[in-house]
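Accompanying notes for the structure given below.
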Amino acid sequence: MTSFRSPSRSFWFALVLVPLAAVAYGQDDSERQARSPRQVAEQLAAVYGKKLDQVAYIPALPLVAKLRLSELTRDAKYAEEVDTIVGPYLRGEKAPIPKSGSEQAGHLIFAELARRAKGNDRQRWIQLCRNAADQIFDKAGKAKPLMPYHSEMSDAVFMAGPILAATGKLTGERKYFDAAVTHFASMRKLCVRADGLYRHSPLCDAAWGRGNSFPALGLALALSDWPDDHPARNDLIVAFQKHLAALKPHQDAKTGCWHQVIDHPTSYDEYSCTCMIGFAMQRGIRRGWLAKDDFQPSIDRAWRAIKDRTSADGKLVNVCTGTGKQKTLEDYFKRPAINGRDDRGGAMGMLFAVELMK
């Protein structure tokens, strides 16, 4: 593994930024911590999930969260807002074909809409899901070892896995689950380290924060759609359990966050990966894949941290900027933290908050 000798500027910068959470852009500690998951979700919903110009995961996931928020609150306004935004895709005015992993994952909004639709609307949403999921098959209909656009990055566990599983559930076609199994196995071979954490890519062994939370979130979502009688189900649950168990000890005991580089506490604590890992743990408990006694304390600490770092008007603390494959551990340490409004962080914050409402 690449060694690291001294904290980068990002670390020293984070030491200044994290205390800003204590004032949370104008809120005091008691106001922030008193908020329920619903309150945080609704505050974030007022800021994020306002358009879908590109069907990519960052603008799509807040729309997924809003659909669930409408169901849980019985307030139709969030679903109605989503319906307006996705109208051009339903009417066929836009027919996207993914050109990246991010766009494949963005099609999860269509899966969410298909679950709620009937008749021609449902078939339209399913067809859009197929546009993404079918990219894993070659011209002869055989599953490729990996979904195109994977770029050898652990992100691809999330970018491809959930849309394959969702499409399989919507269509009843087992080929999508079988293809997902092959994809997951290829990703583990590329990126899982001996200690159970994910390297971001084979370029170096760095366990980047989102490079681990993408697999955690991705497998949690895929397993949520997985058939009980599929022969790979138990193995995937075990893989999920092992990864979450490997992540659990690296949660910062003081802040409740996971770090920008998971196993390096001198890297800054990071907002988006904390939301994603917290979501995966909560989903794991709800579905019976994880023991509540073992993981609930971690979720509680993560949620307190996210409330500290989320203002009432959608400003966030320490969201790592977009990050492709990096060559060294130091490169990951240097990735800047975004403070203020950030669409990626807002998406993950909404998902976490809505999952806790359940």
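Taking (1) among the small types (Gly, Ala, Ser); (2) at positive phi; (3) crowded, with 19+ Cβ neighbours inside 10 Å; (4) out of contact with any Leu (no Cβ under 6 Å at 6 or more places or on another chain) in turn, Gly49 satisfies each apart from (4).
Criterion applied to Lys334, Lys325, Lys307, Lys248 was being surrounded by fewer than 21 Cβ atoms within 10 Å (Cβ to Cβ), in contact (Cβ under 8 Å) with a residue 60 or more places away in the chain and within 19 Å of the chain's Cα centre (by Cα), and the one residue passing it is Lys325. Suppose the filter is in a helix (DSSP H, G or I), at pLDDT below 95, within 21 Å of Met276 (Cβ to Cβ) and out of contact with any Cys (no Cβ under 9 Å at 6 or more places or on another chain); does Ala65 pass it? Against the criterion (in a helix (DSSP H, G or I), at pLDDT below 95, within 21 Å of Met276 (Cβ to Cβ) and out of contact with any Cys (no Cβ under 9 Å at 6 or more places or on another chain)), Ala65 does not qualify. Residues in the stretch 257-272 that are under 11 Å from Ala207 (Cα atoms) and crowded, with 24+ Cβ neighbours inside 10 Å: His259, Gln260, Val261, Ile262. Residues that are of a type in the set (D, E, K, R) and outside any helix (DSSP H, G or I) within the stretch 282-314 comprise Arg309, Asp313, listed in sequence order. Here Tyr176 fulfils each of the conditions (1) more than 15 Å from His243 (Cα to Cα); (2) loosely packed, with under 15 Cβ neighbours inside 10 Å apart from (2). Considering (1) without any contact (Cβ under 8 Å) to a residue 12 or more places away in the chain; (2) in a loop (DSSP other than H, G, I, E, B), the lone condition that Ser267 does not fulfil carries the number (1).
Listed here are the residues, each with its yes/no results for (1) modelled with pLDDT of 95 or more; (2) in a helix (DSSP H, G or I); (3) within 22 Å of Ala114 (Cβ to Cβ); (4) touching a helix residue (DSSP H, G or I) at 6+ places or on another chain (Cβ under 9 Å).
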| position | (1), (2), (3), (4) |
| --- | --- |
| Ala165 | yes, yes, yes, yes |
| Glu173 | yes, no, yes, yes |
| Tyr176 | yes, yes, yes, yes |
| Ala180 | yes, yes, yes, yes |
| Gly196 | yes, no, no, yes |
| Asn212 | yes, yes, no, yes |
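Here the condition is being of a type outside the set (Ser, Thr, Tyr), surrounded by 14 or more Cβ atoms within 10 Å (Cβ to Cβ), out of contact with any Leu (no Cβ under 9 Å at 6 or more places or on another chain) and within 24 Å of Gly345 (Cβ to Cβ); of Glu81, Glu103, Glu112, it holds for Glu103 alone. Taking the numbered list (1) touching a residue at least 24 places away in the same chain (Cβ under 8 Å); (2) closer than 25 Å to Gly322 by Cα; (3) surrounded by fewer than 20 Cβ atoms within 10 Å (Cβ to Cβ); (4) not hydrophobic (A, V, I, L, M, F, W, C) in turn, Pro227 passes all entries but (2).
Of all residues in the stretch 59-100, those satisfying the criterion of being over 21 Å from the mean Cα position of the chain (by Cα), more than 27 Å from Pro148 (Cα to Cα) and of a type outside the set (A, V, I, L, M, F, W, C) are Thr73, Arg74, Asp75, Lys77, Glu80, Glu81, Asp83, Thr84, Gly87, Arg91.
The values are calculated or read from the model by the stated rules, or taken from the named source; none is laboratory data. Just so it is clear, the model here is predicted, and its values are computed rather than measured. FYI the Cβ positions are ideal-geometry reconstructions off the backbone, even for glycines, and counts take in every protein chain you see.
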